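*Asks:* Next up is a structure, given as structure tokens.
Readers should treat all values here as calculations from the given coordinates under stated rules, not as data from a laboratory. What you are looking at is a predicted structure, and each value in this text was computed from that prediction instead of being measured. Positions of Cβ are generated from backbone atoms using ideal geometry, with glycine treated the same way; all protein chains shown enter the neighbour counts.
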Amino acid sequence: MNNKELYWRLLGYVRPYTRIFVLSLAGTIVVAITEPLVAALIKPLLDGSFVAKDPYSIRMMPLLLVTVFIIRGIAGFVGSLTMEWIAHRVVMDLRNALFARLLTLPSRYFDDHSAGTLLSRLTYDVTQVMTATTQALITLVRDGLAVIGLLAWMLYLNWKLSLLAFLVAPGIGFIMRVISRRLRRLSRALQDLMGEMTHVIDEILQGHRVIKIFSGQAYEQKRFHRVNNRVRQFNLKLAAASEGSGPLVQLLAIIALGLMIYLASLQSAADQITVGGFVSLFGAMAMLLTPIKRLTKVNEQLQRGLAAAETIFALLDEAPEPDHGTRHIGRASGHIQFQAVSYRYRADNGPEVIRRLSLEVQPGETIALVGPSGSGKTTLMSLLPRFYEPNDGAILLDGVPIQQLRLAELRANIAYVSQDIVLFNDTVAANIAYGAAFQADEAALIRAAENAHAMDFIRELPQGIDTLIGENGARLSGGQRQRLAIARALLKNAPILILDEATSALDTQSERKVQHALDFLRQGRTAFIIAHRLSTVENADRIVVLDRGRIAEIGTHAELLAQHGLYASLYQMQANDK
């Protein structure tokens, strides 16, 4: 996408605020018009008041100047304030659009992009776009029109002398073109560095306990200093490129101004120009320097904004999760079939994590998935709610391929408790009644918490279920956090349960209580239990033993022990570790 296409797409976010935008442009145009008007008033002021000593000019010229500056001040205030209003609205709209897009992106995208980089898109990059849609636009309109008006007045006064101003235009254009390319390259690099720095900060905030216990402060300080210093260096390079263009452009303008003054002096000596005309011409030329300087500076803002727009629109153009399903099944019975399913994280040449796996699960059946780490247990369960799409094979729910179901309807039938508990910086009640269950009544919420054996510690909290639990439940213990996640799954009351190490953080007593609750919950529901502690899955209807993405063994606890295979080996190892 070239600069013009980028900028027009960016201005598309201004379209909803066209009326205010027109008002802002009107104010900016008035300010631009008054710039050459001030220079134009100098000629009658000098020639009429000081040379001809005209009483009318003596009275009216000061009043006209005051009036012009009053109008200029009001118009400038209205133009700038309304443009700032639009800018912040555009930033808000872009952030909303980016956030909405993030909510729809597939899991694979988050695997390939760090959280710090994505945070940088929503914070740093969007603010850079704001400068391109506001300050840059104001400068382009106001100073562009001012330059045109001043040049027109100069041509009117003395076209021969004014032609000198046009002689420097090619030199200015060449400088701006060279600087623009460098600014764009540096802006792109700076955005990547800001994403890297945000990523480092995010890792430090998330891993502060590990950093402290392993004395990693010095290492992290060096790592942050390295990226922080690179950000400083690129900011300095940007400043050097931006500031370097101004003096070069002004040098060309001053050379033209010097020649103009010399030639104007010769014309004045030959009575070819009046004193007022000379001062007006000189004043207009001098007044050109300030808008020209701002126009050279605006190039940096534009290049920063356009570079940021590239990354923002690249994210907005990312394809969301495929959701082309048209079939409806309502509340599923829970009959699930995996038919020769294969999956690899890299679709082209990555190793297969799941290898032509076939499994049929009857409604209400409890399936335990066990096996060594990396055998594909969690990955297989991530395919069922379509966090990932299988490369080969098919998964059917009640006889319907899950790709033919709308994502919302598919996931409404699944409750999921992962081994990495995710809680939000909100109340206990809001975390249990999260998402679609937000409107659940308090009695149902408390019942779910009771069944998850969470009410015993919730009652002890300062505000009970209305207590704020901190970021990711930081004010709770690991077992308490896990029980809240189980309560959230209980409240959803879905026909399919996925429990990925759902009791791993519980002590023996709590685990026993929750296990009873889960046994009750599983009645009439299809349940998948991923567990490393094999003692927690002995009562499963069937135990599926995975090894390197394939089903190595399948059967009940007693049947698998009798086979003396992989399951029996794992079970014996855990028994010896007790």
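*Asks:* Around His335, which amide H atoms from residues at least 5 apart in sequence, or from another chain, sit under 5 Å from its own amide H, with H modelled in the peptide plane?
*Replies:* Asp398
*Asks:* Something else: For helix 169-206, report the angle its Cα long axis makes with the longest principal axis of the Cα atoms of the chain; keep it between 0 and 90° and round to the nearest 10°.
*Replies:* It is inclined by approximately 30 degrees.
*Asks:* May I ask you to order 328-336, 126-134 by the average number of other C-beta atoms within 10 Å around their residues, highest value first?
*Replies:* Numbers: 328-336: 16.4, 126-134: 21.9.
Those peptides, ordered most packed to least, come out 126-134, 328-336.
*Asks:* Give the distance, in whole Å, between the Cα centre of region 56-97 and the Cα centre of region 176-241.
*Replies:* The distance from the Cα centre of region 56-97 to that of region 176-241 comes to 38 Å.
*Asks:* Determine the alpha carbon to alpha carbon distance for each of Lys237/Lys297; Lys237/Lys293; Lys43/Lys297 and list only those over 22 Å.
*Replies:* On the way: Lys237/Lys297 14 Å; Lys237/Lys293 19 Å; Lys43/Lys297 31 Å.
Table pairs above 22 Å Cα-Cα are Lys43/Lys297.
*Asks:* I would also like to ask the following. Give me the Debye-computed log₁₀ of I(q)/I(0) at q = 0.05, 0.10, 0.12 Å⁻¹ for the chain, equal point scatterers on Cα only, no solvent, two decimals.
*Replies:* Normalising to I(0) and taking log10 leaves -0.39, -0.97, -1.23.
*Asks:* What ranking do Ser418, Ser382, Ser569 get, fewest neighbouring Cβ atoms within 10 angstrom at the top? Walk me through the numbers on the way to the answer.
*Replies:* Numbers: Ser418 16, Ser382 20, Ser569 10.
In order of increasing Cβ crowding within 10 Å: Ser569, Ser418, Ser382.
*Asks:* Here's another thing I want to ask about it. At R0 = 51 Å, how high is the FRET efficiency between Ile29 and His516 if r is their beta carbon distance? Nearest 0.05 is fine. Let's see the in-between values first.
*Replies:* Working: r = 75 Å, r/R0 = 1.48.
About 0.10, to the nearest 0.05.
*Asks:* Mind ordering 393-406, 95-108 by average Cβ neighbours within 10 Å, highest first? Let's see the in-between values first.
*Replies:* Details: 393-406: 17.6, 95-108: 14.1.
Descending packing order for the listed peptides: 393-406, 95-108.
*Asks:* Could you order peptides 483-489, 6-12 by the average number of other Cβ atoms within 10 Å of their residues, highest first?
*Replies:* Details: 483-489: 26.3, 6-12: 15.3.
Those peptides, ordered most packed to least, come out 483-489, 6-12.
*Asks:* Distance in nm between label sites at His113 and Leu140, each 7 Å beyond Cα in the beta-carbon direction?
*Replies:* 2.6
*Asks:* Taking one equal scatterer on every alpha-carbon of region 94-203, how large is log10 of I(q)/I(0) by Debye at q = 0.10, 0.12, 0.24 1/Å?
*Replies:* Debye intensities relative to I(0), on a log10 scale: -0.53, -0.65, -1.31.
*Asks:* While we're here: What do you get when you divide the Cα radius of gyration of region 377-491 by 2.2 N^0.38 Å, with N the number of residues? Before the final figure, lay out each step's value.
*Replies:* Details: Rg = 16.2 Å, N = 115, 2.2 N^0.38 = 13.4 Å.
Relative to the rule-of-thumb radius for its length, region 377-491 sits at 1.22.
*Asks:* Per the Kirkwood definition applied to all pairs of different Cα atoms, how many angstroms is the hydrodynamic radius of region 3-316?
*Replies:* 22.7
*Asks:* Sticking with this one: How long, wide and thick is region 336-577, going by the Cα atoms along their three principal axes, in whole angstroms, largest first?
*Replies:* Cα extents, longest axis first: 51, 46, 34 Å.
*Asks:* Can you give me the angle between helix 18-44 and the longest principal axis of the chain, using Cα atoms only, in degrees from 0 to 90, rounded to the nearest 10?
*Replies:* It works out to around 20 degrees.
*Asks:* Stretched out fully, how many nm does the piece from Val22 to Arg459 gain, at 0.36 nm a residue minus the Cα gap? Kindly include the intermediate steps, with their values, before the conclusion.
*Replies:* On the way: separation 437, 0.36 × 437 = 157.32 nm, distance 5.81 nm.
Gain in length upon complete extension: 151.5 nm.
*Asks:* Right, another one. Taking H placed 1.01 Å from N in the peptide plane, check which residues at least 5 places from Ile554 or on another chain put their amide H under 5 Å from its amide H.
*Replies:* Long-range HN contacts for Ile554: Val545.
*Asks:* Then there is this: Given R₀ = 35 Å, FRET efficiency for Leu37-Glu318 by Cβ-Cβ distance, to 0.05? Display every interim value, and only then the final one.
*Replies:* On the way: r = 50 Å, r/R0 = 1.43.
Calculated transfer efficiency: 0.10.
*Asks:* Between Ile261 and Arg15, what is the spin-label point distance in nm, taking each point 7 Å from the Cα along the Cα→C-beta axis?
*Replies:* In this crude spin-label approximation the distance works out to 5.1 nm.
*Asks:* Which Cα, out of Phe424, Ile465, Gln480, lies furthest along the positive dipole direction of region 336-577 (beta carbon charges, K/R +1, D/E -1)?
*Replies:* With unit charges placed on the Cβ atoms, the residue in question is Phe424.
*Asks:* Please report, in debye to the nearest 20, how large the charge dipole of region 3-316 is about its Cα centre when each Lys and Arg carries +1 at its beta carbon and each Asp and Glu carries -1 there. All intermediate terms of the calculation are to be shown ahead of the outcome.
*Replies:* Working: 33 positive and 19 negative charges, 112 e Å.
My answer is approximately 540 debye.
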